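Input: a single structure, listed below in structure tokens.
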Amino acid sequence: MLDDRRRLARELHDGVIQELAFIRSEAHSIPPHVASGIHIINATDRALDEARAALQALGRTGDEPLSFTLRRAATELAERYGVDLEVDLDDSIRVDPAQQHALMRITREAMSNAVRHGDAKRVRLRLGEAHALRSLAIEDNGSGFDVARAVAGSAGYGLISMRDRARGLPGAFSVAAETGTGSVVTVEW
């Protein structure tokens with residue numbers, strides 16, 4: 001099974017990820033005033049993020065601490081987007097593999113949204129436990145947004161996805177944001 005996972009990871013890296021990177025580079029040749037060029041680049045970035053997350057999932061052995069998985073995912077995104085990353089992660093928190101995957105995906109989505117939509121330059125990732133309640137918080141210094149408006153419109157799919165993943169832990173999901181002040185995504189379980 002491990003050999004199959006490695007083979008699939010290689011194929012994903014050498015095939016899908018390389019092709020998406022090529023599409024992204026070619027899309028930069030579309031003149032800046034053509035809106036479809038920006039849409040193609042953004043869609044390709046999202047597809048690359050998804051493919052890289054799948055690649056990471058295939059490469060995991062299942063015994064990594066949650067803090068390691070979150071740090072790796074956040075560091076990769078921080079480097080890619082050129083943002084400062086601050087982490088405060090409790091290494092003692094353990095979760096099952098499905099919960100770990102959900103929390104990693106929430107982290108990736110929250111960070112990507114902060115940078116792509118909020119133009120954040122700094123992200124803080126916190127993982128802790130108090131009074132038998134574990135929490136993950138992703139805080140940014142971006143431009144913030146109107147949460148109710150984002151959820152009501154098509155822009156809210158990422159928020160809905162994060163909320164659904166949090167509920168599946170089972171847990172609770174919240175977003176605190178205001179235009180101009182950044183945002184904080186919090187998951188408690």
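A short reminder: the numbers here are calculations on the coordinates, not readings from a lab. As the structure is a prediction and not an experimental result, all values here were calculated from the model. Here the Cβ is made from the backbone with ideal geometry for all residues, glycine too, and neighbour counts use every protein chain on show.
Miscellaneous remarks
- Per-residue 3J(HN,Hα) values for region 166-179, derived from phi via the Karplus relation 6.51 cos²θ - 1.76 cosθ + 1.60 with θ = phi - 60°, read 5, 4, x, 5, x, x, 10, 10, 8, 10, 10, 7, 9, 4 Hz in sequence order (x marks Gly and Pro).
- The P(r) of region 129-189 has a tail past 13 Å containing 63 percent of all C-alpha pairs.
- Taking other C-beta atoms within 10 Å as the exposure proxy, Phe145, Phe68, Phe22 rank Phe22, Phe68, Phe145 from fewest upward.
- Placing a pseudo-label 7 Å from each Cα along the Cα-to-Cβ vector at Val95 and Ser174 gives an inter-label distance of 1.8 nm.
- Cβ-based charge dipole, the chain, positive-most Cα from Met104, Gly82, Gly171: Gly171
- Counted charge near Glu109, where neighbours are those whose Cβ lies closer than 15 Å (Asp, Glu -1; Lys, Arg +1): +2
- Among Leu77, Leu12, Leu159, the residue with the largest mean-square fluctuation in a Gaussian network model of the chain, with springs joining Cα atoms closer than 10 Å, is Leu12.
- Computed from label points 7 Å out along Cα-Cβ, the spacing between Glu86 and Asp119 is 2.2 nm.
- Inverse mean reciprocal Cα-Cα distance (Kirkwood Rh) of region 20-85, Å: 13.6
- With contributions of -39500 (n - 2.57) from each DSSP H run of at least four residues, the per-residue ellipticity at 222 nm computed over the chain stands at -16500 deg cm²/dmol.
- Highest-MSF residue in the chain out of Ala130, Ala120, Ala78 [GNM, Cα springs under 10 Å]: Ala130
- Isotropically averaged projected area of region 11-133, using the convex hull of Cα atoms (one quarter of hull area), nm²: 8.6
- Across every direction, the projection of the convex hull enclosing the Cα atoms of region 65-189 has a mean area of 6.9 nm².
- Net charge of the neighbourhood of Thr179, taken over other residues with C-beta under 13 Å away and scored Lys/Arg +1, Asp/Glu -1, is -2.
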